[in-house]
Amino acid sequence: MSKSKTIVRPYGDTTGDGMVQMSFTLPLAHDKRAEGAALLLAKQMGMDPAMVVHAKAMGPHFTFFVVYGSVQHFVDTRDVVVVERDYALLSPKEVNAAIKKGLRRPLVVVGACIGTDAHTVGIDAILNIKGFAGEKGLEYYSEITVVNLGAQVSVPDLVEQAWHHKADAVLVSQVVTQKDAHLHNTREMSAAFREAFPAARRPLLVVGGPRFDELMTTELGVDRIFGKGTTPGEVASYLVSALVPSSSTRKKAS
Amino acid sequence: MSRTAYTGSDPRRMLDLDPVTIRKARSLARKAGAPVVSMAKRHTTVSVERAVLRLAGLEGADVEGIPWVNRLVDVVRDEVGLEHGVALPVWDAILRTGDDLTTVAQKAAAGSVTFRVPEGRDSVRAGKAARARVAQGIRRIDASRRTRDNLIAKYGDPPAPWIYLIVATGDIYEDIPQAQAAAREGADVIAVIRSTGQSLLDYVPEGPTREGYAGTYATQANFALMRAALDETSAELGRYVRLTNYASGLCMPEIASLAGLERLDMMLNDSMYGILFRDINPVRTFVDQRFSRQIHARAGIIINTGEDNYLTTADAVDAAHTVTVSQLLNEYFAKEAGLEDWQLGLGHAFEITPEIPDSFRLELAHAMLARALFPDAPLKWMPPTKHMTGDVFRGYLLDGFFNLAGALTGQGILLVGMMTEAVVTPWISDRDLALQNVRYVFNAAGNLREDFRPSPDGFIAQRARQVLAEAVDLLDDIVDDTLLVAIADGTFGLMKRPADAGRGLEGVVRKTDGYLNPATDLLEEGATR
């Protein structure tokens, strides 16, 4: 990769060929007209030339297509906006030491899957000792006290537990995304915390899940969003930077 | 029964499993389960009592949507308690007032009827009247079973494995065409996924529903609509398409009863799932479990147990023996409730981390062990979910290996894996591609089982024996500790669930002398009147 290159197009086997693959279904019986429709759709999407490489009838009313083609579009990487990691990655040892020195008490994390979401995979990957991607979960950190409330926790329960345990941070995982449930639940949760806690005492609100947009913190009223593939070490490091005085200049958002 | 003279293709022989160890595992499961069964027999729950009323024909709900069975049980409980069961006070009131069951329920809700626990001759008369009414419901379940038997005799059963596909739109009227389409595409079993929150509702919603959440509510009306639609499709296709739902959560006795009445064919029904994954009180669960399984036994329903879930939270290699232990416990509890081997869709899953060496051989070892331990049970084999990453191409390959393991080890019920698992609820094309995957594997390698003979001292057989040995050790510990303590300590799925906590505990009641439950009596006697 050249360091100065900012204009990119998809790469098939030749630089700049713009090749992409795409599959979709049209609600049409499989015939020549259906294949023509698939081609037309691909062209409207900017694929030119496009090739329908596979078309298969799925029952009498639907046809499945695989289309390859070259797209006319390109991307200027200078236009891309992402959340860059704005905290230092620390080892578990460094995390523990920072909390001990800066907080002089264990950092309390309350975690849950809220709403009707029963998928604890995400929160467990971050909290359980077992961990994720070869990193141990937050329970492994001697200076972090973890209260994992598990699945299908109601927002009022979560607020109450956070209050009861004097949580420094609340971690919420949302896997089910049907009808944007993850967004509704998160908004409900952050609103409830704002109502229940004075701004200065509100725990840090962190949500994670595979379908979140990490840029939506303000819209969802949370302090941080973690997307797919986040490891426990990243979360622990972030918590230290956000919550432990003197470890960072970054202050808790309010 | 197991003899040492296994035939050549018997997985017990291929894995060189010691019959003594297998017997020991079963006897430990019995020892671990027996105290739980006697505890279950000493208690009833609000949901068991509501199921009695449902079997007696009490349907419908008040203007707020609260079912009459809930209203009536709540009033009876407030006035005289449930220690004697709901039947005696209710039929005593029916006999005293001359009203029918529905009217008594409505009057109870309005506070215009009072209940008492009848004594002497009154008690005998109330008991008889209750039994006569509940027996009508039991006979309807029997009739549903006969209808199913007749349809299967007419159309024939599909060859194993049965292809199991899921619909989950949230709207029963959307589910129906999807289910019919899935059956036409080759599904032998249609499962209607339930709305996510339903397991924690302490009532069964009423009527046809169009507003589900990641699934469709299990209601009597939805059951009836879907069964009728699949009957139509069965006739069109000339093969009986089975319907599956969930008898789990706080209302499992009632949902099991509705399933029996409306001729559902399979029900997800695990002895411990609610405890571990929904934080439902262990006592509540075991009491509700026993009743629901007695209904399933009577209705000829195949249960699907939930061992696959353990492997989504615990590591599939480290926790392999907990699956075996749970299968043995599920088998014990099922048989105690009257279920037969052919009704035991014991669960397991293809969830070993694909990156570890020999992961496929390990999967084969675990799948063969289950086949070997439960030779006459259909076994429900679940596809990978935990390691489906969003890379749909890799996921498709993983599903192919899952199908191959299923073919090689003779799994009975094959839940079709979707390459878009963890990405979207399945699209029409995902289902079509997934079925092509299944068909290719079974067409290409379906009979490979005849040639597949893992060496008794090879990796697969050794691993199977190791898992069985670990299962026996764990069962030993459970027997020492008691099952309730083991559950409290996080033995299964790493979840800690003490017996005096969890949802639904307030709905558990200890029976007193003179407790009457005509449904349990009819089920345990095998009687029809």
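The values are calculated or read from the model by the stated rules, or taken from the named source; none is laboratory data. Since the structure is predicted, the reported quantities are computational estimates derived from the model, not experimental observations. Because the Cβ atoms are built from the backbone with ideal geometry, glycine has one as well, and the counts that use them run over all protein chains shown. For accessibility, only protein heavy atoms count, side chains too; no ligands or nucleic acids. Shrake-Rupley method; radii C 1.70, N 1.55, O 1.52, S 1.80 Å.
Structure summary
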| quantity | calculated |
| --- | --- |
| Residue list for the range A:145-167, filter: more than 14 Å from chain B (Cβ to nearest Cβ) and over 23 Å from the mean Cα position of the chain (by Cα) | A:145, A:156, A:160, A:163, A:164, A:165, A:166 |
| Residues of the range B:203-222 classified as charged (D, E, K, R) and either more than 14 Å from every other protein chain (Cβ to nearest Cβ) or touching a Pro at 6+ places or on another chain (Cβ under 9 Å) (or both), total | 1 |
| Whichever residue in the range B:429-439 is within 14 Å of chain A (Cβ to nearest Cβ) and in contact (Cβ under 8 Å) with a residue 40 or more places away in the chain and, among such residues, is farthest from residue B:185 (Cα to Cα) | B:437 |
| Test: residue in the range A:68-87 that is charged (D, E, K, R), open to solvent by less than 50 Å² (accessible area, probe 1.4 Å) and more than 27 Å from residue A:207 (Cβ to Cβ) | yes |
| Members of the range B:75-98 found to be open to solvent by 30 Å² or more (accessible area, probe 1.4 Å), of a type in the set (Asp, Glu) and in contact (Cβ under 8 Å) with a residue 12 or more places away in the chain, listed by number | B:79, B:83 |
| In the range B:87-133, the residues that are part of a helix (DSSP H, G or I), more than 22 Å from residue B:60 (Cα to Cα) and basic (Lys, Arg) | B:96, B:121, B:125, B:128 |
| Count of the range B:308-364 residues which are within 24 Å of the chain's Cα centre (by Cα) and assigned to a helix (DSSP H, G or I) | 27 |
| Residues within the range B:148-181 that are open to solvent by 60 Å² or more (accessible area, probe 1.4 Å), within 30 Å of residue B:526 (Cα to Cα) and either more than 24 Å from the chain's Cα centre (by Cα) or among the β-branched types (Val, Ile, Thr) (or both), tallied | 2 |
| Sole exception among (1) within 14 Å of another protein chain (Cβ to nearest Cβ); (2) free of Cβ contacts under 8 Å to residues at least 60 places away in the same chain; (3) under 24 Å from the mean Cα position of the chain (by Cα) for residue B:426, by number | (2) |
| Unique residue being within 25 Å of the chain's Cα centre (by Cα) and surrounded by fewer than 16 Cβ atoms within 10 Å (Cβ to Cβ) when the list is B:34, B:25, B:29 | B:34 |
| Lone unmet requirement of (1) buried (at least 17 other Cβ atoms within 10 Å of the Cβ); (2) over 23 Å from residue B:234 (Cβ atoms); (3) acidic (Asp, Glu) for residue B:119 | (1) |
| Number of positions in the range B:103-130 that are within 25 Å of residue B:66 (Cα to Cα) and either of a type in the set (Gly, Ala, Ser) or under 30 Å from the mean Cα position of the chain (by Cα) (or both) | 7 |
| Selection count where residues are closer than 13 Å to residue B:243 by Cβ and either assigned to a helix (DSSP H, G or I) or of a type in the set (A, V, I, L, M) (or both), scope the range B:288-304 | 3 |
| Tabulated pairs, the range B:340-362, first at negative phi and touching a residue at least 40 places away in the same chain (Cβ under 8 Å), second open to solvent by 60 Å² or more (accessible area, probe 1.4 Å) and in a helix (DSSP H, G or I), C-beta under 7 angstrom, 6+ apart or interchain | B:360/B:401; B:361/B:459 |
| Residue within the range B:398-414 that is away from chain A (no Cβ under 14 Å), within 30 Å of residue A:27 (Cα to Cα) and not in a helix (DSSP H, G or I) present | yes |
| Hits in the range B:271-299 - residues which are within 14 Å of chain A (Cβ to nearest Cβ) and under 18 Å from residue B:134 (Cα atoms) | none |
| Filtered residue count, the range B:355-394, keeping only those that are more than 14 Å from chain A (Cβ to nearest Cβ) and either of a type in the set (Ser, Thr, Tyr) or open to solvent by less than 50 Å² (accessible area, probe 1.4 Å) (or both) | 22 |
| Residues of the range B:415-431 that turn out to be open to solvent by less than 20 Å² (accessible area, probe 1.4 Å) and part of a helix (DSSP H, G or I), as a count | 3 |
| Residue check for residue B:404: in contact with a helix residue (DSSP H, G or I) (Cβ under 6 Å, 6 or more places away or on another chain), over 20 Å from residue B:192 (Cα atoms) and open to solvent by 20 Å² or more (accessible area, probe 1.4 Å) | yes |
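This table checks each residue for (1) of a type in the set (Phe, Trp, Tyr); (2) at pLDDT below 95; (3) out of contact with any Phe, Trp or Tyr (no Cβ under 8 Å at 6 or more places or on another chain).
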residue	(1), (2), (3)
B:232	no, no, yes
B:253	no, no, no
B:258	no, no, no
B:266	no, no, yes
B:273	yes, yes, yes
B:279	no, yes, yes
B:291	yes, no, yes
B:298	no, no, yes
